[in-house]
Ligand code: HEM
């Protein structure tokens, strides 16, 4: 039997939690293409980084193909992340409550959310991850183009290329660390993964972790 809310006429599922839409299908496809690219980039990049990791080239059909594919994956990541950037930059702008949230990091890690200010769609930690990823991807694409000899060999000197290789490797290691923090946080805060797989979160999750965002949504309705 179907049940309906008397006021809104919306379908109600007894026993099921209220859910809140967080991501459109387009945003989720965009996110998972970006995520797949970064994982493949990390694997192919590490394969080229050190002889002890050369065995990873087996995943891409050998050394030459790994070398050819890696920069193109970088180009796809750049444009794919660009899509995420256009969708989410506004929600990641720094707000007054973000400074307070950061100052209370001890409470964040201790799970004392009642001591934290109410936050919008993203908390300060997520915003730091977002802007770090944005900057690092720009650094990676610029340094990557400088060392992409197949097409851009004549555009820079050997000295510039040496410097670019160093910057590229440092930025790559940093983005892998940022990515680990991102995935760890998504798993650690229960109910978050569903936001990016199903596009929805429970009302309880939104109330607990992003109350200001929930209030704004309810206000709009
Ligand atoms: C492969 C493992 C990954 C997992 C499991 C994962 C998981 C998630 C989840 C659950 C969310 C939703 C968080 C929320 O709504 O509160 C999210 C958001 C997001 N993810 Fe990922 N992600 C992964 C990889 C990546 C990569 C590689 C990037 C970029 C290089 C990325 C960029 C983003 C961005 C920009 C958002 C929106 C949050 C914001 O704007 O601050 N993710 N991710």
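Each value in this text was obtained by applying a stated rule to the coordinates, not by laboratory testing. No experiment lies behind these values; they were computed from the predicted model shown. Ideal geometry is used to build each Cβ from the backbone, glycine not excepted, and the neighbour counts take in all protein chains shown.
Annotations for the structure displayed:
- Within segment 43-90, the set of residues being closer than 29 Å to residue 213 by Cβ and surrounded by 14 or more Cβ atoms within 10 Å (Cβ to Cβ) comprises 77, 78, 80, 81, 82, 83, 84, 85, 87, 88.
- Neighbours by Cβ (under 9 Å, 6+ apart or cross-chain): first from segment 86-115, over 17 Å from residue 207 (Cα atoms) and without any contact (Cβ under 8 Å) to a residue 12 or more places away in the chain; second part of a helix (DSSP H, G or I) and away from the ligand (no atom under 16 Å from the Cβ): 107/114; 107/115
- Within segment 59-123, helices (runs of 4 or more DSSP H) holding 2 or more residues that are under 17 Å from residue 134 (Cβ atoms) and away from the ligand (no atom under 11 Å from the Cβ): 63-88
One line per residue, one yes/no per condition, for (1) in contact with a helix residue (DSSP H, G or I) (Cβ under 6 Å, 6 or more places away or on another chain); (2) surrounded by fewer than 17 Cβ atoms within 10 Å (Cβ to Cβ):
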position: 169; (1), (2): no, yes
position: 191; (1), (2): yes, yes
position: 210; (1), (2): no, no
position: 217; (1), (2): no, yes
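- Within segment 135-150, the set of residues being assigned to a helix (DSSP H, G or I), in contact with a helix residue (DSSP H, G or I) (Cβ under 6 Å, 6 or more places away or on another chain) and more than 16 Å from the ligand (Cβ to nearest atom) comprises 143, 145, 146.
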